[in-house]
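Peer 1: Please see the structure below; I have some questions.
Bear in mind these aren't lab numbers, they're just calculated from the coordinates by the rules spelled out. Please read all numbers here as calculations on a predicted model, not as lab measurements. Quick reminder, even Gly has a Cβ in these numbers, built from the backbone with ideal geometry, and neighbours come from all protein chains shown.
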Amino acid sequence: MRWFLFLLLTVVCFAEDGPGWYGETRELYYGIPVTVRFTPADPALATRVWAVLEAIDGDFNDYRDSSTIGRINAGGPGVYDLNPSMIEAFALADHLRTATHGACEITVGPLRRLWKGAAKSGIWPTADQITATRAAIGPTTYRREGSRLSVLVPGVSFDFGGVCKGMAVDRAVALVRAAGCPAALIQVGGETACWGIAPAKRPHRLAIPHPDHPDDPDDPWARLQDPGTGMGGSTSGNYRLPVIVQGKTLYHVYDPRTGLPADTRVLSFSVVLPGTGRNGEADGLTKAGILLGTEGLALVQAAGGEALLLERAADGRITEHHTSGWKRFLAP
C-alpha cells in the first residue's frame with residue numbers, strides 16, 4: 001500500500017472548465033486525483049503549480065527511503081538538518097498536537113506498521129506489543145530546534161500523511177493567489193481550497209460523500225458553497241482502505257494515545273475553514289476529529305472553522321453531528 005493512498009480523503013468537487021480557465025486533473029502520489037483550476041489561464045503558472053504539488057512526494061513519502069522523511073526514518077537516532085518544507089511541517093504538527101490534545105501525532109508510523117503487519121499475519125497484537133510500539137511514539141521521542149532535528153529513540157517513524165496533502169494545497173494556493181487569479185480551485189484527494197466565481201457562474205461548491213456510496217457524485221451527503229470569503233475543506237472517512245484483522249474490519253487511522261485503531265462507528269469527519277491557506281491545519285483536524293468524535297467539533301470551532309461528524313448508530317442509520325455554524329456553508 002502506498003503512503004498517500006492509505007489516508008486517502010474524499011471531498012468531491014463540482015466545477016467545469018470554461019472559457020479563459022486553465023483546468024487539469026492528474027494522478028499524483030501513486031494514484032491520488034489532483035485537480036488544478038484557475039482563471040485567467042496561464043500555462044507558465046500551471047507549470048509552477050504542478051511542480052510544487054509534485055515536490056511534496058520528495059519530502060514526505062515515507063514509503064521511499066530516498067525521500068527526505070524516508071532518510072530520517074531509516075537513519076534512526078541522530079541529528080538531521082531540515083529543509084524549509086520540513087521545518088514548516090514540523091511546526092504545523094507541533095501546533096496540531098497541542099490543539100488536539102495529542103490526537104494528531106506525526107510519530108504514529110510504528111502503529112501503522114503494527115496493525116498492517118497484523119492484517120498480513122492474521123494475528124491480533126498483544127497488549128505488550130502495543131505498549132512496546134507506543135514507546136517510539138510521541139513528542140518525547142524527538143527534539144527540534146529550528147532547522148535541527150534530533151531523533152532520540154530507536155524505532156521512531158514520522159508519518160506526515162495527516163498534514164502534507166493540505167500543505168500541498170496551501171502552497172499551490174499561495175502561487176495562484178500571488179499571480180492575482182480572481183477564482184480558482186485546488187484539490188489534492190480530500191483537501192480542497194477554492195475562491196471566486198466558478199465557470200458555472202456561481203460560487204464554487206464542494207460535496208461531502210455519502211458514506212454508504214462515496215463514489216456516487218450525484219448523491220452526496222451534503223454540498224457546501226463558498227460564502228464569499230473562499231474556503232478550505234477536508235474530509236476523512238473510514239469507507240475506504242480498511243485494515244482487516246481476523247475478519248474484523250478496522251479503521252486506518254490509529255490513536256497514538258491508546259495504540260488502537262479509531263472506532264469504526266465514526267464514518268467521516270469533515271472540516272471547512274473560511275478563507276484559504278489553512279488546508280494543512282484542516283487536514284490534521286479531520287484526523288483528530290475521527291479520534292475525538294464530538295469533542296473534535298468544539299476544537300474545530302475554536303480554530304474558527306465548522307465541522308460535520310457522521311456516525312453509524314446501533315440500528316444501522318447514519319447520525320449527523322455538526323457545529324453551530326455548519327449550515328452557513330451549505331449550498332442552497
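Peer 1: Which trypsin sites (Lys or Arg not before Pro) does the stretch 196-236 hold that lie in a coil by DSSP with at most 15 other beta carbons within 10 Å?
Peer 2: Hits after loop and neighbour filter: K201.
Peer 1: Enter the Cα centre distance for the pair the stretch 281-320 and the stretch 188-223, rounded to the nearest angstrom.
Peer 2: What the calculation gives is 18 Å, centre to centre.
Peer 1: Another question, then. Could you line up S147, S324 from fewest to most neighbouring Cβ atoms inside 10 Å?
Peer 2: Values: S147 13, S324 9.
With the fewest neighbours first, S147, S324 line up as S324, S147.
Peer 1: With the cut-off at 1.5 for a/c, could you classify the chain from its C-alpha gyration tensor as rounded, prolate or oblate? Can you show the working numbers first?
Peer 2: Numbers: a/c = 1.83, a/b = 1.27, b/c = 1.44.
Since a/c reaches 1.5 but b/c is at least a/b, the shape of the chain is classed as oblate.
Peer 1: Tell me whether the stretch 110-240 comes out rounded, prolate or oblate; compute the Cα gyration tensor, take square roots of the eigenvalues as a ≥ b ≥ c, and use a/c under 1.5 as the rounded threshold. It would help to have the intermediate numbers written out before the result.
Peer 2: Working: a/c = 4.12, a/b = 1.62, b/c = 2.55.
The shape class here is oblate.
Peer 1: In percent, how large is the relative contact order of the stretch 227-332, given Cα pairs closer than 8 Å and 6 or more residues apart? Provide the component values of the computation, followed by the final result.
Peer 2: On the way: 185 pairs, mean separation 27.0, N = 106.
For the stretch 227-332, the relative contact order is 25 percent.
Peer 1: Continuing with this model, one more query. Note down the nm distance, to one decimal, between modelled labels 7 Å out along Cα→Cβ at T258 and at A41.
Peer 2: 5.2 nm
Peer 1: How do I186, I56 line up, fewest other C-beta atoms within 10 Å first? Spell out each step's value before the answer.
Peer 2: Details: I186 28, I56 24.
Ordered by Cβ neighbours within 10 Å, fewest first: I56, I186.
Peer 1: Then there's this: Quick one: putting +1 on the C-beta of Lys and Arg, -1 on the C-beta of Asp and Glu, what dipole do you get for the stretch 61-151 around its Cα centre, in Debye to the nearest 20? Please report the intermediate quantities before stating the final value.
Peer 2: Values: 11 positive and 8 negative charges, 50 e Å.
Dipole of the stretch 61-151, to the nearest 20 debye: 240 debye.
Peer 1: Moving to a separate point now. Using helices alone, what [θ] at 222 nm do you get for the chain, with -39,500 (n - 2.57) per DSSP H run of 4 or more residues, divided over all residues and rounded to the nearest 500? Write down the numbers at each step before the final one.
Peer 2: On the way: 8 runs with 101 residues, N = 332.
About -9500 deg cm²/dmol.
Peer 1: Let me ask another. When you count, for each residue, the other Cβ atoms within 10 Å and take the mean per peptide, how do 236-243, 91-98 rank with the highest first? Don't skip to the answer; put the middle values down first.
Peer 2: Working: 236-243: 20.0, 91-98: 17.5.
Listed from highest to lowest mean packing, they are 236-243, 91-98.
Peer 1: Distance in nm between label sites at E54 and A174, each 7 Å beyond Cα in the beta-carbon direction?
Peer 2: For E54 paired with A174, the spin-label model returns 2.0 nm.
Peer 1: Moving on. What do you get for the angle between helix 109-121 and the principal long axis of the chain? Use alpha-carbon atoms, 0 to 90 degrees, nearest ten.
Peer 2: Taking Cα atoms only, the helix is inclined about 80 degrees.
Peer 1: For a paramagnetic label modelled at 7 Å from the Cα of D219 toward its Cβ, which residues of the stretch 254-275 fall within the zone defined by backbone nitrogen distances under 19 Å?
Peer 2: 267-268, by backbone N distance to the label point.
Peer 1: Check the straight Cα-Cα distances from K248 and name the lysines below 24 Å, setting aside those fewer than 8 residues away within the same chain.
Peer 2: K116, K120, K287
Peer 1: Further question on the same structure: When only Cα pairs under 8 Å and 6 or more residues apart are kept, what is the percent relative contact order across the stretch 153-271? Mind dumping the intermediate values first?
Peer 2: On the way: 166 pairs, mean separation 20.6, N = 119.
Over the stretch 153-271, the number comes to 17 percent.
Peer 1: Right, another one. By its C-alpha gyration tensor, with a ≥ b ≥ c as the square roots of the eigenvalues, how is the stretch 165-205 shaped: rounded for a/c under 1.5, else prolate for a/b larger than b/c, else oblate?
Peer 2: Numbers: a/c = 3.53, a/b = 1.30, b/c = 2.71.
Oblate shape, in that a/c is at least 1.5 and b/c is the bigger or equal ratio.
Peer 1: Something else now. Quote the relative contact order of the stretch 61-151 in percent (integer), defining contacts as alpha-carbon pairs under 8 Å separated by 6+ residues.
Peer 2: On the way: 71 pairs, mean separation 30.4, N = 91.
That works out to 33 percent.
Peer 1: Continuing with the same structure: Sort W50, W115, W21, W124 so that the residue with the fewest other Cβ atoms within 10 Å of its own Cβ comes first and the one with the most comes last.
Peer 2: Values: W50 16, W115 23, W21 19, W124 11.
Starting with the residue having the fewest Cβ neighbours, the order is W124, W50, W21, W115.
Peer 1: Continuing with this model, one more query. Of A127, T141, G102, which is farthest along the charge dipole of the stretch 61-151 in the positive direction, counting Lys and Arg as +1 and Asp and Glu as -1 at C-beta?
Peer 2: Of the listed residues, the answer is A127.
Peer 1: What nm distance separates the two modelled labels at E27 and D65, each placed 7 Å from Cα along Cα→Cβ?
Peer 2: Label-label distance for E27 and D65, simple model: 2.7 nm.
Peer 1: Shifting gears a bit: To the nearest 20 debye, what charge dipole does the chain have about its Cα centre, counting +1 at the Cβ of each Lys and Arg and -1 at the Cβ of each Asp and Glu?
Peer 2: Charge dipole, the chain, about its Cα centre: 320 debye, nearest 20.
Peer 1: Considering only C-alpha atoms, what is the centroid distance from the stretch 105-150 to the stretch 49-97, in Å?
Peer 2: 17 Å
Peer 1: Net charge near K120: determine it from the other residues with C-beta under 15 Å of the C-beta of K120, scoring Lys and Arg +1 and Asp and Glu -1. List each step's numbers first, then the result.
Peer 2: On the way: positive: R112, R113, K116, K248; negative: none.
Counting the neighbours of K120, the net charge comes to +4.
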